[in-house]
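First up is the structure itself, then whatever we jot down about it.
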Amino acid sequence: MTTPAPPPRIHAILAREAPLAVVFRRGPSKQVQMLTWDLESNKITQGQWLKHRAYTEGADLTPDGRYLIYNAATHDPNLGTAQSYVAISKPPFFTALALYPTPDLDEGGAMFLDNHRFWVGATRAVPGGEDLLKEHGLKRVPAFPQDMQGLSPVDTPWMRRDGWALVDQREEQEFGRLAARVWVWEKPVSDGWLLQRTLTRGLCLRRAGPNGNWVWLSHELHHPESAIPLETEWADAWRGDVIFSRDGCLLRKTPDHPERVVADLTANRFEAVNAPYEGLSRMDRVAPQERSDTQWHPLDSETL
């Protein structure tokens, strides 16, 4: 009997000044598709696929949603500077306007400060990216703003910027002296309802989470008189609604009404898609006679 494939995992980030979410659909593990979700019309726009591991929890958008910064990795030592990287692109496409190699993923932090300025922790950059960014009106700042430093390793500054408040930190001792550490955030939804996000980091063999994960997220809708589990690893609040994912679907819910499915992404399959804009040239990795039309286009490891 064949075991059915697990549903794709879905994560999304919201533009702060536009009715737009950028959606990442992951599955299989090293294939991720980017899509955009118009939160007013519920229109879903299919985008580009990437055959790398995208660490979407640390991705960020400009407030107007026009540009994306994301961290990804091939985990292939034969690819040198392409093994892991931070890139800037235009959703829903991964093709890079700028590329910052990050031999250590911990070096890959990045964040937009506004529609034009960004910070990235990587110390190197692939030549040519700064010129493309300048054409698009984007500028890298030299240091991370001190007033946005996190309060703990998981109190990321973009979460606080986007309306989340860290309300609890605790240690679980159910299965031993220290079974897990737990962090809880809350974000207002409407009329006394709060969206609660819990991150659990298991620290003993008996405290693994769903699918054997050692770090996982869960979400609940909270009201003074009730709580509604959402059964999802990703959820956010937008104009009185909660938007979230489950079993490969995008959903939304007003606290006092039933949830409704916006789109089912389960059947999506890899397709090579070219970005409608010029990407970063990889002139340092190709022969001189081929340099005029070679673009950095991170669709799969075979092209790198």
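Throughout, read-outs are computed from the coordinates displayed, never taken from laboratory work. Because the structure is a prediction, the values reported are computed rather than measured. Positions of Cβ are generated from backbone atoms using ideal geometry, with glycine treated the same way; all protein chains shown enter the neighbour counts.
Listed values, structure above:
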item	result
Cα-projected label distance for D264 with V215, points at 7 Å along beta-carbon direction, nm	3.3 nm
Estimated distance in nm for a label pair at D131 and D247, the labels positioned 7 Å out from Cα along Cα-to-Cβ	5.2 nm
Per-residue Cβ neighbour rank within 10 angstrom, fewest leading, I44, I88	I44, I88
Relative exposure of K51, K139, judged by other C-beta atoms within 10 Å (fewest first)	K139, K51
Computed E for E231/D114 - FRET, C-beta separation, R0 35 angstrom, nearest 0.05	0.50
